[in-house]
1. Please enumerate the residues belonging to region A:96-116 that are surrounded by 24 or more Cβ atoms within 10 Å (Cβ to Cβ), at the interface with another protein chain (Cβ under 8 Å from one of its Cβ atoms) and within 13 Å of residue B:265 (Cα to Cα).
2. Among the listed residues B:168, B:234, B:222, which satisfies the condition of being under 24 Å from residue B:134 (Cα atoms) and in the same structural domain as residue B:76 (by TED's automatic domain parsing)?
3. How about region B:126-156: which of its residues are within 14 Å of chain A (Cβ to nearest Cβ) and either under 21 Å from residue B:206 (Cβ atoms) or surrounded by 16 or more Cβ atoms within 10 Å (Cβ to Cβ) (or both)?
4. Any residue that is away from chain C (no Cβ under 11 Å) and free of Cβ contacts under 8 Å to residues at least 60 places away in the same chain - is there at least one of those in region B:236-245?
5. Quick one: would you say residue C:183 is within 14 Å of another protein chain (Cβ to nearest Cβ) and farther than 22 Å from residue B:223 by Cα?
6. Here are some residues: A:159, A:154, A:182. Which one is within 27 Å of residue B:261 (Cβ to Cβ), more than 12 Å from chain B (Cβ to nearest Cβ), crowded, with 18+ Cβ neighbours inside 10 Å and touching a helix residue (DSSP H, G or I) at 6+ places or on another chain (Cβ under 9 Å)?
7. Across region A:185-205, what is the number of residues that are closer than 19 Å to residue A:44 by Cα, more than 14 Å from chain B (Cβ to nearest Cβ) and not in a helix (DSSP H, G or I)?
8. In the set A:234, A:238, which member is surrounded by fewer than 16 Cβ atoms within 10 Å (Cβ to Cβ), farther than 25 Å from residue A:92 by Cα and more than 12 Å from the chain's Cα centre (by Cα)?
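The values are calculated or read from the model by the stated rules, or taken from the named source; none is laboratory data. Bear in mind the structure is a predicted one, so any value in this text is a computation, not a measurement. Backbone-built Cβ (ideal geometry, glycine too); neighbour counts: all protein chains shown.
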């Protein structure tokens, strides 16, 4: 039922939002090379998965784009602007929900606004709307420790959307959850991301997940961290889990496995 | 209905404990009455009961001393805690300040504060001042070290998150570091409060004219063991009073660590939100 | 990353210089204040006077040695008895839910009472002398190891406990092979607290009895307004406290070796050698 067709969002006409040229990062004064010579572009509104084993520099690349760490070489721009430090064009999400346990779900969602200015009633309405969007309408006033791991990540997702950032950086956001929860959240993530039309970078070490979600897969290899290849994923959206059973899908999985050398 | 059941449950739970206590007291009373225990050092429970009635009800001698000791402990604790928290906050804000203050904090920690008792009495006199000073000195360290440890805890992911929101240092400190440090700080405050009481009582043993410590030594050295134990009870009461006050504050402020409180706060915030939306 | 770790664990020379400068400035301004009469010498002795006192009480008069010997002997006796009792009772009570339930209210009451407050009572009951002092130290030493052992035993890992039982371990085996080793770090934390309290306990006992020991010495010097000597005694206690702290830390590292990198390496190498020796012995045989 899912036929490989050219995806419009990843077409050549789309505007480039992130561009990296020879991006490198070393730690400890050059002792550890975390990332080397990464060249890539990310088109507006596209969903890009970063896949590879531990130590391949996926998380480093994400933090470089967020401006949380400084690159040691190359150039890196977001919306054509050079990255020199943390900026609010991007929002982040981690494997741990990183919620503040002394704030209710909705207060956690409002945190990014509070950091920048005083909260208006429009912000509050938006926060309630976002919580509804992630399926937590009835849990707005629950504290994080009263929520399950999956629900906590939903709150973190709502908070990420509340930032208003048009680039979402997600570092294995559902990696600590069980298989069923993760699958459900992946489907919802796809729906939500296409609703808000954000550009998404999604780090994972699960090849199936990477391909299923993405328009483009950045395949990375470790020691030193390198961007081995960009793999285009041509399947139409919306996608359903049945897609993973098709031969076309499995051919792509095999291709990525080949690049990673993990057959 | 629900309350009644709770009460019944309580009685059922407390009954074996009370029975055991009664049995111990009866055996003790019996042993003294029948001459099994002859020493005057172990008074009968009934004699202790009589002393309690005298000290707490008929004569009411204890109250003056009770409040003096309580005041000494609380004021000393207040001073010690204020200095400790101020220094811990400064140390966590400025790496240099922390670095150059820490050796002195270590010296203060390894010195038994109690050893300063005679000197502090020489400095501050026989009155309440010296008791307050000793209480402040010996409760300082646990509060300082717990607060500092709490403030220095860093959660990389959360700090990165705050920075990605464009938070200032001040915002990271006030909205992330401080709340995250509160549970540990309260643990330190609880230890400090107990220590402050010890400081006040020991200073009273050494030299004083009033306070439960004075009363205690007076009764002990006139071998009035029943009254001495009755006085000890007041120290337990002060200890319990102080501990549960702090426990209450902990419960209110660090509510996110308590299941029951969390539910209540959650309801209250939902109400506040709705009434805010109605305006 | 590695050089970062080194930088923080080993203070830089520049920092040491600043540390030393601050210390010197403090001492010098204190000395100056005392010499110029801004500080009342009777109450705030000059550092030089304290140094002279150190010389006197340790060398020329040498009177502190006797008192130190008395006090530390009492600390050792009281601490050993009190902490052994605490750990033993803690283990017993922890393993037995019924005992625990009936003991709990008394523990709560005792925890709220400042234990040191019982000192006059114990002295009255047991008379002046070493017995009552040791009893006071035992009392202040007992609680921390007791509570910590108890909580260590209660909080034993459920899964591991079930594993032991599925292997058919007896109660004693569970205690020896799982519960106590798992509780060791917590018990050691209790012992550290206990030893510190023991030092305070002996001082209070000596303040009240006023016959001999370091506490009595401090009291006597202060009464005679010989503050410099009193301070010398207190700094002696600082040193003892520091040695206790460091000693307990090392002991902790040795006993709970699996909690630190160096301990793991040391014990791992030792066991590998022992194993190799045994294998070699078997091969020869």
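1. Matches in region A:96-116: A:104 only.
2. Unique residue meeting the criteria: B:234.
3. Once the filter is applied, which keeps residues that are within 14 Å of chain A (Cβ to nearest Cβ) and either under 21 Å from residue B:206 (Cβ atoms) or surrounded by 16 or more Cβ atoms within 10 Å (Cβ to Cβ) (or both), region B:126-156 yields only B:150.
4. yes
5. Here the answer is no, as residue C:183 does not meet what is asked.
6. Residue meeting the stated conditions: A:154.
7. Residues flagged as closer than 19 Å to residue A:44 by Cα, more than 14 Å from chain B (Cβ to nearest Cβ) and not in a helix (DSSP H, G or I) within region A:185-205 amount to 5.
8. Answer to the selection: A:234.
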